[in-house]
Amino acid sequence: MSKPTNKKLPPARKKKAPSTYERFHWAQRISHVFLLTSFSLLGITGLPQKYPLAAWAQGMVRFFGGIETTRLIHHISATVLMLLSIYHILDIGYKIFVRRVRLTMLPGIKDAIDAWQSLTYNLGLRKTRPQMGRYTFEEKMEYWALVWGTVIMGLTGFMMWNPIAATRLLPGEIIPAAKAAHGGEALLAVAAIVVWHMYSVHIKKFNKSMFTGKLTEAEMLHEHPLELADIKAGIADRPVDPKTLRKRQIVYWPIAGVLAAAMLVGVYGFVGAERTATVPVRENEGPVYLPQTPTPTPSAGTNLAWDGAVGPLFQSTCGVCHGASSPSGLSFETYADAMRGGNDGQVILPFDSAGSPLIILQASGTHFVSLTADQFALVQAWIDAGAPEK
Amino acid sequence: MQKNTTPLFLRKIRVALIVVGLVFLLIALIGIVQPALAAPVSSGTAMSPQSTACLTCHNKTNFNRTLPSGEILSLTIDADHFDSSVHRNIDCTDCHTGITSFPHPKLIAQNLSDVSAQFSTSCQTCHADQYDKTTDSVHQAAHDAGNTSTPLCTDCHNPHTQTQITDDTGSLLAAARTEVPEKCAKCHSGIYDQYQTSVHGSALLGEGNVDVPTCINCHGVHNIQDPTTNNFRLNSPELCSNCHTDPQIMDKYGISTNVLSSYVADFHGTTVIFDQQTPEEAVNKPVCYDCHGVHDIQSVDDPEYGLEMKQNLLTTCQKCHPGASANFPDAWMNHYIPSPEHYPIVYYVQLFYKFFIPGVLGPMVIYVLSDIVRRLIERRKGAKHA
């Protein structure tokens with residue numbers, strides 16, 4: 001608790017006992033709104049990301065508009081929390097160094113004793129509750145857990161938000177380690193808020209002081225009797241005379257300004273500096289349609305002779321029907337067979353394609369099998385060249 | 001009664017002529033029918049007489065026609081192959097419905113594609129399921145957009161020689177598996193070349209290994225979908241997991257089955273799982289094949305390309321993280337579950353929270369419960385407030 005001061009105190013003001021006592025200044029109440037908003041958003045956008053396969057997580061992310069939007073909300077809330085933390089640090093600094101208030105939030109042995117005594121009272125082993133000051137052990141527990149949690153979440157969050165920058169100085173394994181710590185701390189923080197904070201200020205008794213800023217005399221008596229006693233004794237406040245205040249402010253503001261600037265630059269770097277990932281250029285695998293070139297059948301070329309291109313042409317195209325047992329007597333199995341002709345005589349007249357019955361029949365287009373234009377031209381040219389064998 | 005006036009000798013001659021006529025008739029009938037019975041193929045065939053008749057001409061080798069496009073259409077049907085095919089009991093005219101007489105109606109086709117197209121609906125008669133699926137495929141979509149190189153049924157399945165593909169349970173026979181990439185290679189030869197050298201392809205084509213995927217395992221077979229869509233990419237981790245989380249397959253090769261769970265637990269995988277909610281949207285988070293390759297997958301301990309080598313992993317990371325330093329790849333735990341041997345910092349952080357969370361919450365819960373109980377007791381005793 002506070003040490004008795006040697007300074008000359010102003011005369012204790014004699015006034016009627018106020019019906020309410022100021023618990024939280026309006027600046028603290030606004031800070032708390034920012035805190036609860038950002039913390040809640042961080043929790044509900046963060047926890048689903050820890051359990052991506054769970055249906056409830058999928059539902060929540062879908063509700064937020066997809067994973068990228070969820071992350072954006074998380075990042076914005078984190079930035080708000082960081083800015084809030086910077087404000088809080090400067091505010092506390094002012095209170096400690098300029099106004100020199102009593103450090104009522106610092107934990108001590110008395111808080112451990114208070115906790116133990118509260119428990120034993122609840123268990124019926126003690127007759128009375130312990131008497132506590134401005135901040136009970138529950139509230140100190142809450143505050144310092146918040147400080148610890150925010151530091152951990154901020155550091156690990158930074159590493160995950162800026163993994164390339166983080167791994168320039170630290171080993172790469174720090175990133176999944178940060179993820180593990182971030183997730184573990186998130187679970188602890190949310191659970192602690194639900195179990196500890198919600199019970200203390202909502203369920204046990206709805207405590208409106210964080211919103212109205214005030215506590216009644218009865219509430220003070222029950223929950224912070226030692227502080228009430230200090231207030232009534234006039235030693236709770238430590239007003240500073242204006243001249244001293246001015247002197248301290250002149251020292252404080254520039255330092256605070258520099259610190260603030262440095263921390264804001266830090267937040268900016270946190271948020272904006274690293275572009276972690278690009279959209280990759282997909283590797284070109286080559287054309288999708290790339291047909292295999294079929295092994296070309298050995299081409300006899302346009303060798304104008306039976307032994308060149310012409311014989312195989314006749315054999316494959318005509319030989320199926322015009323073979324040894326052909327009813328028409330015309331066979332194309334060998335050169336001799338082809339030149340001999342069939343029952344109706346020769347079909348190939350060397351040097352005379354126009355007069356060759358084969359050409360005439362093919363040209364009429366009425367034969368069961370027609371040569372293509374190229375094949376027809378080849379045969380014509382061959383006959384006109386004298387239908388050579390070789 | 002009039003007496004029969006025909007003399008006996010004429011009656012005998014009449015009977016003899018009738019008998020001789022019948023004998024000649026019998027001989028004539030045998031003579032006509034016998035050639036038809038003489039099948040040009042071996043006896044004991046499963047083929048119908050109708051098919052056998054067609055094959056008298058079509059069994060001949062080098063039976064070709066040249067189409068106007070210059071392509072050669074082979075009309076040779078090897079009778080032995082056909083007799084061993086799954087269609088051996090089917091008549092030729094069941095599919096070639098227009099050919100009912102000889103000489104055949106003229107074949108009007110510019111190129112081989114035309115020929116295939118003319119018969120493509122024959123398959124539908126019996127294989128309606130598969131045919132309907134093909135109308136859903138990326139090949140069909142390309143065809144509808146004007147692409148003339150897309151495959152039809154007969155481009156992958158030669159109906160005259162196709163042997164049984166599946167066994168009694170409906171799964172692919174081992175011999176059929178090896179043929180699959182070779183069929184796709186007809187048009188996708190570039191991809192086939194890559195696949196051949198990959199860890200999957202070399203096992204299939206080199207050893208006949210049935211544990212590795214063929215083209216159709218990943219791409220589907222009749223209703224092949226476009227693999228370049230975002231939807232395909234987002235669902236691909238589950239595709240790889242079909243085999244890679246199955247210990248029955250993976251234990252044979254000493255491959256971890258933790259690969260999916262470790263991927264999902266990591267930032268990339270978590271995001272992809274959520275991104276599956278909007279399957280049409282593009283994402284820049286990697287899926288399995290972004291790091292491991294798709295047709296050119298190598299084993300992670302491959303001496304040249306393996307991702308176990310730090311430099312290879314760094315190059316892979318830098319595809320999306322151009323500023324990454326040499327420390328960066330260690331942020332990826334390589335599909336390991338953290339343990340004292342692998343990624344001990346992560347392991348000990350996790351261990352710490354395993355104790356820290358219940359260690360803090362436990363006392364909190366105890367205190368809160370005791371407080372509730374005490375205040376309820378006080379309330380009952382008549383206290384006006386908590």
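Here are some notes:
- Shielded by partner chains, region A:178-211 residues - at least 40 Å² of accessible area, 1.4 Å probe, vs chain alone: A:LYS179, A:ALA180, A:LEU188, A:VAL195, A:TRP196, A:TYR199, A:LYS204
- Other residues within the sphere of radius under 14 Å centred on the Cβ of B:ARG177, judged by their own Cβ, net out at -4 (K and R +1, D and E -1).
- Taking all protein chains together, A:ARG238, A:ARG102 sort by accessible area into A:ARG238, A:ARG102, largest first [probe 1.4 Å].
- Accessible area per residue for the protein assembly as shown is 60 Å², calculated with a 1.4 Å probe on protein heavy atoms, without ligands, DNA or RNA.
- Region A:39-141: C-alpha gyration tensor shape, a/c 1.5 cut-off, then a/b vs b/c: oblate
- Residues B:ILE366, B:ILE377, sorted by accessible area with the largest first, give B:ILE366, B:ILE377 [1.4 Å probe; ligands and nucleic acids excluded].
- Close amide-amide hydrogen proximity is noted between B:LEU73 and B:ARG65, B:THR66, B:LEU67, each under 5 Å apart and 5 or more residues distant or on a separate chain (H modeled in the peptide plane; Pro and chain starts excluded).
- Residue pairs, from the table B:LYS133/B:LYS186; A:LYS179/B:LYS285; A:LYS140/A:LYS204; A:LYS95/A:LYS140; A:LYS205/B:LYS354, whose Cα atoms sit over 26 Å apart: A:LYS205/B:LYS354
- Phi angles of region A:368-377 translate, via the Karplus equation with coefficients 6.51, -1.76, 1.60 and θ = phi - 60°, into HN-Hα couplings of 3, 10, 9, 6, 6, 4, 5, 5, 4, 4 Hz per residue; Gly and Pro are given as x.
- Rounded to the nearest 500, the 222 nm mean residue ellipticity of chain A from helices alone is -17000 deg cm²/dmol, with -39,500 (n - 2.57) taken per DSSP H run of at least 4 residues.
- Span-like helix ranges in chain B, DSSP H, alpha carbon extent 30 angstrom or more, Kyte mean at least -1.0: B:8-37, B:344-380
- The order of B:PHE63, A:PHE63 by accessible area, most exposed first and with a 1.4 Å probe, is A:PHE63, B:PHE63.
- Chain A: angle of helix A:242-268 to the longest principal axis, Cα-based, in degrees nearest 10: 10 degrees
- Over chain B, relative contact order from alpha-carbon pairs under 8 Å, at least 6 apart, %: 9 percent
- Stokes-Einstein diffusion coefficient of chain A, Kirkwood radius over Cα pairs, 20 °C, 1.002 mPa s, in µm²/s: 71 µm²/s
- Between 0 and 90 degrees, the angle of helix A:174-192 with respect to the longest Cα principal axis of chain A falls at about 50 degrees.
- In Hz, Karplus ³J(HN,Hα) per residue of region A:108-117 (6.51, -1.76, 1.60; θ = phi - 60°; x = Gly, Pro): x, 5, 4, 5, 5, 5, 4, 4, 5, 5
- Area of A:PHE206 that stays accessible when all protein chains are in place (1.4 Å probe, Å², to 10): 110 Å²
The values are calculated or read from the model by the stated rules, or taken from the named source; none is laboratory data. If you're wondering where the values come from, they're calculated on a predicted model, not measured in any experiment. A quick note on method: Cβ atoms are made from the backbone with ideal geometry, for glycine too, and the neighbour counts reach across all protein chains shown. The accessibility values were calculated without ligands, DNA or RNA, using every heavy atom of the protein model including side chains. Shrake-Rupley method; radii C 1.70, N 1.55, O 1.52, S 1.80 Å.
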